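**Q** Got a structure for you, questions after.
The values are calculated or read from the model by the stated rules, or taken from the named source; none is laboratory data. None of these values were measured; they are calculated from a predicted model. Every residue, glycine as well, gets a Cβ built from its backbone with ideal geometry; the counts of neighbours run over all protein chains shown. Side chains are part of the model used for accessible areas, which takes the heavy atoms of the whole protein and leaves out ligands, DNA and RNA. Shrake-Rupley method; radii C 1.70, N 1.55, O 1.52, S 1.80 Å.
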Amino acid sequence: MKHILMRKPMFIYMGLLFCVICWGSNFIFGAILVNYFRPMEIAFIRLLFINLFLFIILFKGVASHQPHKRAVIFLMMIGFIGVTLNHWSFYASLTKADPVTAALILATAPIFTAFINYLLFKEAKNIFFWAWSMLSFAGVTLVIMKKNSIEIGAGEGYIFLTMLSFSVFMVMVERYANSFSSGIITFYSSFFGMVFMTVALPFSDVSLTRTAPAGMWLLLIVTGIIMHGICPLIWNHCISRVGSTNASLLLNMEPFIAMIAGYLILKETVSSIQFIGSLLIITGVAMAIQSNKRNALVAGDGMSKEFLSNLGKKRDKPLKL
């Protein structure tokens, strides 16, 4: 499967799409779980089983690479930002904001990812990129508007933190993909993320003996392994092939997936102003990324021969320390 992903761009984007579908539905599963568990419990218990899962499938590869001190510092940073902050803020947001609003705000991650790449690595952006970006933020304004006034509560604040931490995480994974394999990054970031969550966040809020239906425990563990164990392995691998900006474009689909799952599972409806806001967000983000000539995502036969050639030549590289 790994070699197929390396050679076939279609399979790379199918892998990314699978992750987005899982993460979009995770808003709904998370909204269900916060009725039975505290946000900190969900994040920690999931990380516990995620690390067990990653240890089982990645032990041989990880054991053969002992990280240098400089590598450990990087992996600790990516674990704290991409796992500890991201997981905790995500589930905390679902206790205050509805899942569709959270998904719509998170859909602006591609804009922030591109903006970070512009500030730190001078990736060129044209005026159309910024114009479309402003349109997407106008959509966010409509989404968080309640009774003709803008209300930014704790839920919106938490999901903004989730979005920012995920954007930084994607940039870091892309920039260091040539030095670390996707398995190494995923394993150590999850491990250090759990360590930081145990030490830095209110671990006293966690109760491993909480009374909850068996079905909720199963949902908590299985979805955790899929959403935060399997999907990051696929996502981190694919980012090294197409770049963080192009990969993040597919995150535009998360709100629609959350809306569909919310309607089917929770019977939630979307207000007209939310729908308009969602259209502005999705249109603004998609057009902003496409207008960026340097990082434009060209699908199917429109992909450049140079891109396909470089894509076919890349291989997973061992950890360089």
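**Q** With the requirement that a residue be open to solvent by 20 Å² or more (accessible area, probe 1.4 Å) and hydroxyl-bearing (Ser, Thr, Tyr), what does segment 85-106 give you?
**A** Thr95
**Q** Go through segment 49-75 and give me each residue that's of a type in the set (A, V, I, L, M) and within 19 Å of the chain's Cα centre (by Cα). Write out each step before concluding.
**A** Within segment 49-75, the first condition is being of a type in the set (A, V, I, L, M), and the residues that meet it are 50, 52, 54, 56-58, 62-63, 71-73, 75.
Those that are of a type in the set (A, V, I, L, M) and within 19 Å of the chain's Cα centre (by Cα): Ile50, Leu54, Leu75.
**Q** Determine whether segment 171-187 contains at least one residue that is modelled with pLDDT of 90 or more and open to solvent by 10 Å² or more (accessible area, probe 1.4 Å). Break it down stepwise before answering.
**A** Step one: list which residues in segment 171-187 are modelled with pLDDT of 90 or more, which gives none.
Checking segment 171-187: not a single residue is modelled with pLDDT of 90 or more and open to solvent by 10 Å² or more (accessible area, probe 1.4 Å).
**Q** Hey, can you tell me all the residues within segment 144-170 that are open to solvent by less than 20 Å² (accessible area, probe 1.4 Å), over 18 Å from Val83 (Cβ atoms) and at pLDDT 70 or above? Spell out the reasoning first.
**A** Within segment 144-170, the first condition is being open to solvent by less than 20 Å² (accessible area, probe 1.4 Å), and the residues that meet it are 144, 155-156, 159, 162-163, 165, 167, 169-170.
Remaining after also requiring over 18 Å from Val83 (Cβ atoms): 144, 155-156.
Answer for segment 144-170, where residues must be open to solvent by less than 20 Å² (accessible area, probe 1.4 Å), over 18 Å from Val83 (Cβ atoms) and at pLDDT 70 or above: Gly155, Glu156.
**Q** To continue, here is another question. What do you reckon, is Phe121 over 28 Å from Arg38 (Cβ atoms) and open to solvent by 10 Å² or more (accessible area, probe 1.4 Å)?
**A** Values: over 28 Å from Arg38 (Cβ atoms): yes; open to solvent by 10 Å² or more (accessible area, probe 1.4 Å): yes.
Yes.
**Q** Evaluate segment 107-118: report whether one residue or more is surrounded by fewer than 24 Cβ atoms within 10 Å (Cβ to Cβ), modelled with pLDDT of 80 or more and within 16 Å of Glu156 (Cβ to Cβ).
**A** Checked segment 107-118: at least one residue is surrounded by fewer than 24 Cβ atoms within 10 Å (Cβ to Cβ), modelled with pLDDT of 80 or more and within 16 Å of Glu156 (Cβ to Cβ).
Let's see how each residue does on (1) at pLDDT below 85; (2) surrounded by fewer than 17 Cβ atoms within 10 Å (Cβ to Cβ); (3) under 20 Å from Val171 (Cα atoms):
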{"residue": "Thr198", "(1), (2), (3)": "yes, yes, no"}
{"residue": "Val206", "(1), (2), (3)": "yes, no, no"}
{"residue": "Pro213", "(1), (2), (3)": "no, yes, no"}
{"residue": "Leu218", "(1), (2), (3)": "no, yes, no"}
{"residue": "Thr223", "(1), (2), (3)": "no, no, no"}
{"residue": "Ile226", "(1), (2), (3)": "no, no, no"}
{"residue": "Trp235", "(1), (2), (3)": "yes, no, yes"}
